[in-house]
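What follows is a set of notes on a single structure, which appears directly below.
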Amino acid sequence: MKPRILLIGKNGQLGREFDRILADTGELRALGREELDLTRPDCVRKAIREFRPNVIVNAAAYTAVDKAEGEEALARSINADAPAAMAEEAREIGAALIHYSTDYVFDGAKGSPYLESDATNPLSAYGRTKLAGENAIRAIGGRYMIFRTEWVYATLGKNFLFTILRLATEREELRIVSDQTGAPTWSREIASATSRIVGDEWRREGSEKFLAARSGTYHMTASGQTTWFDFACAIVEHVRGCSDRPAWLTAAIGDKPVIVRRVLPIQTKDYPTPARRPAYSVLSNELLEETFGVKLPDWRIQLKTALAFQACE
């Protein structure tokens with residue numbers, strides 16, 4: 001018997017990938033913003049009680065990092081209160097909850113890859129609300145996996161990849177922050193890894209013991225590390241040398257040529273934003289690999305694969 005899976009946030013960067021992939025893992029019901037108001041915990045509870053899933057995958061989040069500085073209450077309702085309601089309902093019906101968090105729960109002062117056990121200290125409202133969601137899930141208990149990821153991009157929607165692609169066809173010079181370090185991670189790799197873990201664990205343990213022994217917090221990011229500046233340079237280099245653009249890339253920038261000539265490094269202080277970002281937020285993936293045998297490819301390989309991705313055609 002395959003699991004009944006409730007996907008929340010089907011229209012986001014992660015959700016769109018899950019909507020494609022999880023249908024092969026189990027019986028899937030996918031809900032987006034139109035079907036489910038995450039600012040109303042009663043609606044969240046009702047959706048879970050009606051479907052009675054074995055697994056809840058929460059791919060929804062308030063991710064407007066700078067805007068959250070002025071909308072922390074709204075961000076908290078989506079990033080903390082809604083996941084708390086999911087965790088309570090999951091525990092009540094014996095389901096497992098899979099939830100996604102962020103590198104922004106750390107302050108970036110460590111200087112080496114963060115472990116799951118390292119102390120958190122978010123610098124922004126977004127980070128605080130995501131940490132509050134984590135803490136609520138852990139306090140409620142039951143069966144759950146919290147996957148922290150970072151610098152997520154996709155072949156649809158608003159993200160750093162799309163911004164650089166657009167600017168590369170509009171400007172001859174780009175100025176990109178070079179003193180923030182992380183691991184750019186393609187949303188499809190996150191969805192694929194999660195799907196493998198869910199499928200493997202379900203086949204091994206079944207519904208009664210699913211995640212009973214492996215509940216916890218794990219880091220799930222691309223291997224390697226880079227800066228926003230070097231990531232932008234890699235994007236420009238790949239697109240400039242791409243003679244056969246996949247459909248999603250053509251839709252993003254049309255037939256416009258890449259005209260950017262220079263990508264220049266700047267410091268964070270030269271590009272002030274409302275929210276503070278951690279200077280170093282690389283996450284260690286060792287626990288994920290040790291526990292589930294899953295390792296995501298290097299960020300360079302992920303970028304190359306994403307830029308050649310044809311599945312949307």
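Derivation of every value follows stated rules applied to the coordinates shown; laboratory data play no part. A quick note: this is a predicted structure, and the numbers were derived from the prediction, not measured. Cβ atoms come from the backbone with ideal geometry, glycine included; neighbour counts cover every protein chain shown.
For the range 237-313, the set of trypsin sites (Lys or Arg not before Pro) satisfying both a DSSP loop assignment and a count of at most 11 other C-beta atoms within 10 Å is given as ARG261. With helices as the sole contributors, the chain gives -11500 deg cm²/dmol at 222 nm; each DSSP H run of n ≥ 4 counts as -39500 (n - 2.57), and the sum is divided by every residue. The local environment of THR149, defined by Cβ-Cβ distances under 12 Å, has a net charge of -1 under the rule Lys, Arg +1 and Asp, Glu -1. With the alpha-carbon atoms of the range 159-245 aligned to their principal axes, the span from lowest to highest coordinate is 58, 33, 18 Å, starting with the largest. Relative to the longest principal axis of the Cα atoms of the chain, the long axis of helix 125-140 lies at roughly 20 degrees. The trypsin sites (Lys or Arg not before Pro) of the range 1-63 that meet both conditions, a loop assignment by DSSP and at most 14 other Cβ atoms within 10 Å of the site Cβ, are ARG33. Of the options (1) 38, 20, 19; (2) 38, 31, 17; (3) 32, 22, 19, only one is semi-axes √(5λ) of the Cα gyration tensor in Å as computed from these coordinates, and that is (3).
Remark: relative contact order (the chain) = 22 percent; criterion is Cα-Cα distance under 8 angstrom and separation of 6 or more residues. Among the trypsin sites (Lys or Arg not before Pro) found in the range 125-182, those both in a DSSP coil and sparsely packed, with 16 or fewer other Cβ atoms within 10 Å of their Cβ, are LYS158, ARG171.
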